[in-house]
1. If you go through the stretch 317-324 one residue at a time, do you hit one that is crowded, with 16+ Cβ neighbours inside 10 Å, part of a helix (DSSP H, G or I), under 22 Å from the mean Cα position of the chain (by Cα) and touching a residue at least 12 places away in the same chain (Cβ under 8 Å)?
2. Could you grab me the full set of residues in the stretch 402-418 that are of a type outside the set (V, I, T) and under 25 Å from Y185 (Cβ atoms)?
3. Which one of these does G77 not meet: (1) at negative phi; (2) touching a helix residue (DSSP H, G or I) at 6+ places or on another chain (Cβ under 7 Å); (3) not assigned by TED's automatic domain parsing to the domain that holds P159?
4. If D169 meets every condition in (1) surrounded by fewer than 21 Cβ atoms within 10 Å (Cβ to Cβ); (2) assigned by TED's automatic domain parsing to the domain that holds L9 apart from one, which number is that one?
5. Taking interchain pairs and intrachain pairs at least six residues apart, which have beta carbon atoms under 7 angstrom, with the first residue in the stretch 390-413 and farther than 15 Å from G371 by Cα and in contact (Cβ under 8 Å) with a residue 40 or more places away in the chain and the second of a type in the set (S, T, N, Q) and assigned to a strand (DSSP E or B)?
6. Would you check if E110 is at pLDDT below 95 and either assigned by TED's automatic domain parsing to the domain that holds E331 or surrounded by fewer than 14 Cβ atoms within 10 Å (Cβ to Cβ) (or both)?
7. Out of all the residues in the stretch 358-374, which are in contact with a Phe, Trp or Tyr (Cβ under 9 Å, 6 or more places away or on another chain) and surrounded by 13 or more Cβ atoms within 10 Å (Cβ to Cβ)?
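The values are calculated or read from the model by the stated rules, or taken from the named source; none is laboratory data. Everything numeric in this text was worked out from a predicted model, so none of it was measured. Cβ placement follows ideal geometry from the backbone for every residue including glycine, while neighbour counts extend to all protein chains displayed.
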Amino acid sequence: MKSVAFFTLGCKVNQYETESIIDSFVNKGYEIKAFDQKADVYVVNTCSVTALADRKSRTALRKARKQNPDATIVVCGCYSQTHPEDVKEIPEADIILGNTGKENIVSLVEEKENRFFVTDIMEERIFAENSVSGHSDKTRAFMKIQDGCDNYCAYCIIPYARGHIRSRDMESIVREAKKFVKNGYKEIVLTGIHITSYGKETGDKNLLDVLKMLHSIEGIRRIRLGSLEYNDALIDVANHADELPLLCNHFHVSLQSGCDETLKRMRRRYTTSEYFEGISLLRKAFPNCAITTDIMVGFPGETQEEFEKSLAFAKKAEFSKMHIFPYSVREGTKAADMPNQLNKEEKKKRASLMENTDRENAEKFMKSQRGTFQSVLFETKDGDYYIGHTTNYLTVKVKSDMDLHNEILQVKITGYSKDTLTGEIIY
């Protein structure tokens, strides 16, 4: 039996697409192996959001070749889409695709006739179906409902890696959601490159319509939204919270900077006051809501005063968690050619200061959970403890002799340690 191993970098969309590729290999009789094992085929699904992601992709390719010099190695995803000529020069890359044609990887591996299959992503106008089987021991199913982005933020390579906005057909979403329910999943996570833009290219449906439709499917216990961009669609969701009882009270709303001057240079489409009003509305609409975010430090031209404004806003917003990263130059973006690029040391210093605020905010939020009653979906076991997540996506562990895997139970939160809550099962 032939075998295949996978290595996935980047976002939940990439992870979803890898699951789809895995299904296609399984359907052809391949054995799935861990990436650190010897396999006949290796598939590296790459990310290119930062220069570090590019380096990780190259490292993974070298590792695959070292493990089996005779293996067929496939490179796909954002790195090969945005830097196809660079990937062509990588000796370990036997078959190269971008972000289209991933559903054909098995055939390409078995034919071995051609090597390079990167096409112009900007010509793609129809959502590519990459459904997954839903057969897994996991408790949370990720479902891709959208692809592409038309925002073209000054620092971001993703529109060039993913192309224009493309939304998945509602009937297709329903079919996959029902498949997940049939296979025992309790929670569905909606993912995409810019899911708050769902339906924007046609104007006949939006994200709220998707959420309402999913609420009509019997058996779904939880619906969670993946990474979000602030816009009117998100406000629309908050304004209809009473119609969305299954929607989890956790929203990852990308900020990037807490300074209006920096946001303007970034070509973000909101102000800090608009953003704050939006997350305040979410908190009012969804009690005990967790707001998490992405925040960048050291964007070109970010003065000390601008950074201090961003830091002050992060404190004011009281995010339960921030993903903090220094600005990384991406060739082909507007920001790459901007003046006043900050040095590595200054960016590292600012990231450290922002991380201090992140720890303070996170501890405050964790402390506020003590004494509350939370719905927990249990997923894994560690010794005598079962570990799961609340609706607002906090990790909880409880001691139990029962098998709690894939069970949703009410838990009284009794304390916390670092980033994990402790509790007692109520029922």
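1. As a first pass, look at the stretch 317-324 and keep what is crowded, with 16+ Cβ neighbours inside 10 Å: 317-322, 324.
Narrowing the set further to residues that are part of a helix (DSSP H, G or I) leaves 317.
If we keep only those that are under 22 Å from the mean Cα position of the chain (by Cα) too, we end up with 317.
Subset that is touching a residue at least 12 places away in the same chain (Cβ under 8 Å): 317.
So far as the stretch 317-324 goes, yes, one or more of its residues are crowded, with 16+ Cβ neighbours inside 10 Å, part of a helix (DSSP H, G or I), under 22 Å from the mean Cα position of the chain (by Cα) and touching a residue at least 12 places away in the same chain (Cβ under 8 Å).
2. Step one: of the stretch 402-418, the residues of a type outside the set (V, I, T) are 402-407, 409-410, 412, 415-418.
If the condition is that a residue be of a type outside the set (V, I, T) and under 25 Å from Y185 (Cβ atoms), then M402, D403, L404, H405, N406, E407, L409, Q410 are the ones that fit.
3. With respect to (1) at negative phi; (2) touching a helix residue (DSSP H, G or I) at 6+ places or on another chain (Cβ under 7 Å); (3) not assigned by TED's automatic domain parsing to the domain that holds P159, G77 is out only on (1).
4. Here D169 meets the rest and fails (2).
5. Sorted first by the residue in the stretch 390-413, then by its partner, the pairs are T391/S375; I408/S375.
6. Numbers: at pLDDT below 95: yes; either assigned by TED's automatic domain parsing to the domain that holds E331 or surrounded by fewer than 14 Cβ atoms within 10 Å (Cβ to Cβ) (or both): yes.
It is true that E110 is at pLDDT below 95 and either assigned by TED's automatic domain parsing to the domain that holds E331 or surrounded by fewer than 14 Cβ atoms within 10 Å (Cβ to Cβ) (or both).
7. Within the stretch 358-374, the subset in contact with a Phe, Trp or Tyr (Cβ under 9 Å, 6 or more places away or on another chain) is 358, 361-363, 365-367, 369-370.
Listed by number, the residues that qualify are D358, N361, A362, E363, F365, M366, Q369, R370.
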